[in-house]
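Scroll down for the structure; my scribbles are underneath it.
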Amino acid sequence: MSQQPDPRPSTQADGIDPRSPRFGAGITAVLLLVTLFLGLAGLDAAAFVVLLVISLLFAWGAFAGIQRHPYGALFRRLVRPRLAPPTEREDPAPPTFAQGVGFVITALGLLLALFGVPYAVVIAAGLAFVAAFLNSVFGYCLGCQIYLLLVRAGVIRRTPASAA
């Protein structure tokens with residue numbers, strides 16, 4: 001009989017500090033706001049480049065895992081030592097999935113811009129900004145909610161934290 005992965009959320013020991021994704025979302029929100037301003041000011045090439053960088057950062061978080069994201073390293077090195085220890089830890093799978101959602105949205109905006117769709121970069125940056133803003137300011141992660149809905153619907157299986 002083969003062992004199935006544990007469907008329960010990760011334990012305190014193997015989760016992530018929930019403040020780390022919020023910190024990263026704050027940085028992302030600022031970069032997306034810059035992208036929006038550049039795009040609306042007619043600086044399309046600059047907006048494209050900034051959104052490309054953001055998209056690559058989303059890809060890094062989605063494919064390498066949220067624990068290996070540069071913003072997470074920045075949080076662990078510069079911010080977390082100045083804070084009290086977290087009262088709880090969080091399963092890294094939902095925020096990692098959320099990084100994938102951000103990657104899809106921003107990559108689609110970039111692809112559509114390459115095909116000449118007007119305001120594709122601005123629209124993609126606007127959508128991603130709303131999600132990043134909600135996460136950084138209110139702690140509400142839209143991508144995490146999508147992940148949990150898909151798990152409940154049986155579309156995807158919850159992965160153990162060690163595999164995320």
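The values are calculated or read from the model by the stated rules, or taken from the named source; none is laboratory data. Being a predicted model, the structure only gives us computed values, none of them experimental. All Cβ positions, glycine included, derive from the backbone under ideal geometry; neighbour counts span all protein chains shown. Side chains included, ligands, DNA and RNA excluded: accessible areas come from the protein's heavy atoms. Shrake-Rupley method; radii C 1.70, N 1.55, O 1.52, S 1.80 Å.
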Task: Count of residues meeting criterion [under 16 Å from Leu74 (Cβ atoms), among the β-branched types (Val, Ile, Thr) and surrounded by fewer than 20 Cβ atoms within 10 Å (Cβ to Cβ)] in segment 24-58 - done: 3
Open item on the list: Just checking: which of the helices (runs of 4 or more DSSP H) contained wholly in segment 41-143 hold 2 or more residues that are farther than 15 Å from Ile27 by Cβ and touching a residue at least 60 places away in the same chain (Cβ under 8 Å)?
Closed with: 44-64, 93-114, 120-138
TODO: Considering (1) open to solvent by less than 60 Å² (accessible area, probe 1.4 Å); (2) closer than 28 Å to Gly39 by Cβ; (3) touching a Pro at 6+ places or on another chain (Cβ under 9 Å), say which one Gln145 fails and leave the rest.
DONE: (1)
